Ligand code: GLN
């Protein structure tokens, strides 16, 4: 079997009986057995359930959009009967009684669940190093972070242990692991995908989305998981935007300032050239409040975290709150502080005003252009341990991510090449709310133009 497969290739192979779903499951499990110890990607492998589902797929005559698609979930998605830890010792032995909507929909569409993927505890982090179960290593370079907080969701694909995965993005956590793994991913519009059954981090910012090897795969999974389920009141069913025949992309000047990594600048310059040769127009645009985005995020997010983590009191779920790690404690304290009387106006309310300004600025830009191009992260994958003693420098990794979460817009992370050291490079395309279809269209145009081939890191 030629790996990595795309969803289309998987379906074709199954229909033509080149392989069975059970054989597919075998080959992905073999990869997990071979590499998981070293890379710490899966926290739980649900082998029995996977084979049960694979046998069902092999017997079924139904044509399902994800039939035989082997997948894993960031460990903050509830999976009925399969341990769900949120990467934290607090939930070490927790077995959920139901599955998240995204999980349920993927399984109903024929997806085979291989297990649960490592992540920063409670999704707090940018490198995977805050997991209470140890850091995930980047299959492209064992000494580097695969990006967080959905660290296992990216690494599982780079190591070819899954065909697609899911993650959550509160400020970059779906995009960064894709960017650090030569992968595609989508942080959907806020309100496009239900968060039912996904452990909440910061509820006004959280979004659920897919990671995959190609734009087409990410699009297919998004179409399976999107739309209302009656359990998340922020989700609205939205008519998909029509594909455009002509695009104009904005270059937000505040994102391209001195200090940007030269290899990232270069890969984006090249992408702009390629888009231009495909007939896409470019225009410089301005988001003047970008410099406040990260400060604004690090007030609103801990405020919401401090409230959401209140339910893990050791009575209703899991172990005692003593088991919270340093990062969760830091955020609970910060959040409680910015919400406390006397400081609420100075911090939380000010941040909310800045957030409104950021929303207005992005809206204005999308009156001028159809999308914006930007880096995902300021540098290529950094070394494990490099930022762990300095939370502020870790927080700054999210500098390009915050705008999309604060304004609720979708963003597609797209791989573009490799650095001189052989580490993955890429960029993001942000669009107006519910413009996912246009972002997919642009992503495919670009990948067709560079004759993109998905790649995996380990033999
Ligand atoms: N890195 C960010 C943080 O630590 C965002 C995490 C996320 O998107 N879940 O808050």
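Read the figures in this text as sums done on the coordinates, not as results from a lab. Not measured: the values here are computed from a predicted model. Note that each Cβ is placed from the backbone with ideal geometry, even for glycine, and that neighbours are counted across all protein chains shown.
General observations
- Percent RCO, i.e. relative contact order, over the range 277-347, from Cα pairs under 8 Å lying at least 6 residues apart: 34
- Order of 66, 183, 458, 384 under a 10 Å beta carbon neighbour criterion, fewest first: 458, 384, 66, 183
- Cα centroid separation, the range 260-317 to the range 401-459 (Å): 13
- Between the range 129-183 and the range 368-390, the alpha-carbon center distance in angstrom: 14
- Pair residue 257, residue 52: separation of 7 Å Cα→Cβ label points (nm): 5.4
- Pair residue 307, residue 333: separation of 7 Å Cα→Cβ label points (nm): 2.3
- Inter-part distance where the range 334-351 and the range 69-122 are each reduced to a Cα centre, Å: 34
- Computed FRET value (nearest 0.05) for residue 23 with residue 295, which takes r as the C-beta separation and R₀ as 45 Å: 0.30
- Chain lengthening between residue 61 and residue 326 when straightened (0.36 nm per residue, less Cα-Cα): 90.3 nm
- Applying 1/(1 + (r/R0)^6) with r as the Cβ-Cβ distance of residue 223 and residue 393 and R0 = 41 angstrom yields a FRET efficiency of 0.60.
- Residues 355, 142 arranged by fewest to most Cβ contacts within 10 Å: 142, 355
- Shape annotation for the chain: C-alpha extents along the principal axes are 60, 59, 44 Å, from largest to smallest.
- Packing-based exposure ordering (other Cβ within 10 Å, fewest first) of 162, 144: 144, 162
- Note on the chain: helix-only mean residue ellipticity at 222 nm, from DSSP H runs of 4+ residues weighted -39500 (n - 2.57) and normalised by residue number, equals -11000 deg cm²/dmol.
- Subtracting the Cα-Cα distance of residue 451 and residue 360 from 0.36 nm times their residue separation leaves 29.1 nm of extension gain.
- Relative contact order for the range 33-87, counting Cα pairs under 8 Å that sit 6 or more residues apart, in percent: 27
- Efficiency of FRET between residue 8 and residue 341 - r from beta-carbon atoms, R0 41 angstrom, step 0.05: 0.10
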